[in-house]
Ligand code: F6R
């Protein structure tokens, strides 16, 4: 949430900062700003709205400088208006911030007696805390060190001081910051993507670190103000091609990339002709694990819910799944030989990271993350990468199916180690997994979801239903639809329908039912009858056998490609992977038809680094 870029170079930095912010816009996009020092003068431009509005402002009122900071905001304190956009500044300090200052109102009460605040943000207190320290004749470094000691909360901050026109300062506590140095410039950014084309080596700041950056050089201090060294490591994004390619949106590109990324993911776990899955984290002793908690937020939490079915069914390990923001404040009980898995695409989600920090003393922890070198990847005892590649669309799509693949292989590794998986079963699962990328491709190219999306544009409300592993997929479908189309959407385990939600059903509500012809099909067919009896407008996702049953059960009600969507008949192991695809496309096309910004839906941000 919120993206930060900072640069010191020999040449003008404004366009480069704007370019870096463009790569960070997924972190927040309700306002943006930039500040530089030029000929001894601190100057800034800010704008409400997306980055293109700031570019327009900079075009009409150009800004210059060889040192500068930029910010793209996701509002926490105060609405998305120019006055609340970063950088916040006075006559000699300009700063940008990502995070939340929890004690800002206490600090502000005191500072207000001496300074006039211009914004409603928590960030502006930092400007005046530093100013207070400068007034005590402190130099910028000492003033910043003293000021941040008064802050509670999370922050990544980049600061310019008019009196230090060659030095850029940055501090990290809880929110990510990376830096890179080349001969031509020194760079600061919120993540590896922001610096990807500029530097091949990155230094990740640790919590409490302060960086003093000059051209081609950095000095780091820890929270005790002692000089420290941190390693420079390869920038994992340096070789990634981050573009939309032939697609109109990142979201569509990422949906269609799923067959490729799953195929690449399979290469990590299935050697050619192998008879065994090669688990990504084979050094975990699953025999010693007596209970497992899987913790995450949002879409990653739904991946955890699917995994619960797999770990319990195949490995016989009792599993609790938990929303990270609940887990961390709920006094969880850790039993003997407990393991905690943390799933996160970004690896930066604050609640998930806090839940991990809480668990580390009591349980074996495993981070299941997409972004290498992310905070969760570095904090967990063990880490597994989901290999989805950079996901830029704010709504998670390919990251989800890659999380599923990783979780499935972990569950099967656990089953094998615990001797619940016979060689024959494993062989048959391997066969099924080998067919997955081809099936994903087939479902995507044959999809009919644009036409289905037309049918729900006027629906006041959409309901998704599923049983077994299709229940979390229904939840994911509802989340995706509300994120992208803003249509109120909910999901229920189909068996819960008659315990309340059935009251919602009338001829206006749209209902999507995930009902592959599996062990639960007869039960789902019962739900379909009940909905039909109440004139509910249904679309059912099933396979050929399921379709035949439904057409016999309710003649004339279901029409192929319209309200009966056929998916391939596959091993139930693969159902979650395949049934989520049309739901991703449904939300994409509904958003398109409604004219929403599908890659950057309103109010959202990709990396939730605040509570
Ligand atoms: C939904 C979505 C979010 C994230 C959630 C967790 O499309 O993207 O619900 O899944 O914010 O993010 P990560 O996985 O980065 O921890």
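Take every Cα pair under 8 Å in segment 222-354 that's 6+ residues apart, average their separations, divide by the length, and report that relative contact order as a whole percent. It would help to have the intermediate numbers written out before the result.
Working: 116 pairs, mean separation 28.7, N = 133.
That works out to 22 percent.
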Report summary line: Subtracting the Cα-Cα distance of residue 593 and residue 419 from 0.36 nm times their residue separation yields 57.6 nm
Report summary line: Going from the fewest other Cβ atoms within 10 Å to the most, one would list 513, 487 as 487, 513
Query raised in the report: Any idea what angle helix 575-594 forms with the longest principal axis of the chain, computed on alpha-carbon atoms, 0 to 90 degrees, nearest 10?
Result: 60 degrees
Query - Principal-axis tilt of helix 398-417 within the chain, Cα atoms, nearest 10 degrees - result: 70 degrees
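Tell me the mean residue ellipticity at 222 nm calculated for the chain from its helices only (DSSP H runs of n ≥ 4, each -39500 (n - 2.57), averaged over every residue, nearest 500). Could you put the intermediate results ahead of the total?
Working: 19 runs with 220 residues, N = 611.
Result for the chain: -11000 deg cm²/dmol, rounded to the nearest 500.
What is the calculated FRET efficiency for residue 457 to residue 223, with r their C-beta to C-beta distance and R₀ = 60 Å, to the nearest 0.05?
Numbers: r = 53 Å, r/R0 = 0.89.
Result of the calculation: an efficiency of 0.65.
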Report summary line: Rounded to one decimal in nm, the spacing of the 7 Å Cα→Cβ label points at residue 533 and residue 552 is 2.2 nm
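Which of 116, 539, 590, 299 comes first, and how do the rest follow, when ranked by fewest Cβ neighbours within 10 Å? Walk me through the intermediate numbers first.
On the way: 116 8, 539 20, 590 28, 299 23.
Ranking 116, 539, 590, 299 by Cβ neighbours within 10 Å, fewest first, gives 116, 539, 299, 590.
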Query raised in the report: Taking R0 as 60 Å, what's the FRET efficiency between residue 445 and residue 150 from their Cβ-Cβ distance, rounded to 0.05?
Result: 0.55
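Using per-residue counts of other Cβ atoms within 10 Å, averaged over each peptide, order 16-25, 215-224, 329-338 from highest down.
Numbers: 16-25: 21.8, 215-224: 15.1, 329-338: 12.5.
Taking the mean over residues of other Cβ atoms within 10 Å, the ranking is 16-25, 215-224, 329-338.
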Report summary line: Longest principal axis of the chain (C-alpha) makes with the long axis of helix 470-485 (C-alpha) an angle, in degrees to the nearest 10, of 50 degrees
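So for segment 2-142, Kirkwood radius off the Cα pairs, Stokes-Einstein at 10 °C and 1.306 mPa s: how many µm² s⁻¹?
On the way: Rh = 15.3 Å.
Reported coefficient: 104 µm²/s.
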Query - Cα gyration tensor shape for segment 565-611, rounded if a/c is under 1.5, else prolate or oblate - result: oblate
Query raised in the report: When only C-alpha pairs under 8 Å and at least 6 residues apart count, what is the relative contact order of the chain, in percent?
Result: 12 percent
Query raised in the report: Normalised by the number of residues in segment 1-112, what is the relative contact order in percent for Cα pairs under 8 Å and 6+ residues apart?
Result: 32 percent
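Among bridges DSSP assigns within the chain, what percent are antiparallel (round to 5)?
Values: 61 of 101 bridges.
Expressed as a percentage, antiparallel bridges in the chain total about 60.
Hey, with R₀ at 25 Å, roughly what FRET efficiency would residue 287 and residue 428 work out to, going by the Cβ-Cβ distance, to 0.05?
Values: r = 23 Å, r/R0 = 0.93.
Taking R0 as 25 Å, the efficiency between residue 287 and residue 428 is 0.60.
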Query raised in the report: Most exposed first by the Cβ proxy, i.e. fewest other Cβ within 10 Å, how do 92, 73, 114 rank?
Result: 114, 92, 73
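For segment 86-166, rounded, prolate or oblate, judged on the Cα gyration tensor with a ≥ b ≥ c (square roots of eigenvalues), a/c < 1.5 rounded, else prolate if a/b > b/c?
Working: a/c = 1.42, a/b = 1.29, b/c = 1.10.
It comes out rounded by the Cα gyration axes.
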Query raised in the report: For the chain, what is Rg from Cα atoms divided by 2.2 N^0.38 Å, rounded to two decimals?
Result: 1.02
Requested in this report: Note the full-extension length gain between residue 230 and residue 91 as 0.36 nm times their separation in residues minus their Cα-Cα distance, in nm to one decimal.
Outcome: 46.7 nm
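A short reminder: the numbers here are calculations on the coordinates, not readings from a lab. Not measured: the values here are computed from a predicted model. Positions of Cβ are backbone-derived with ideal geometry, glycine not excepted, and every protein chain shown enters the neighbour counts.
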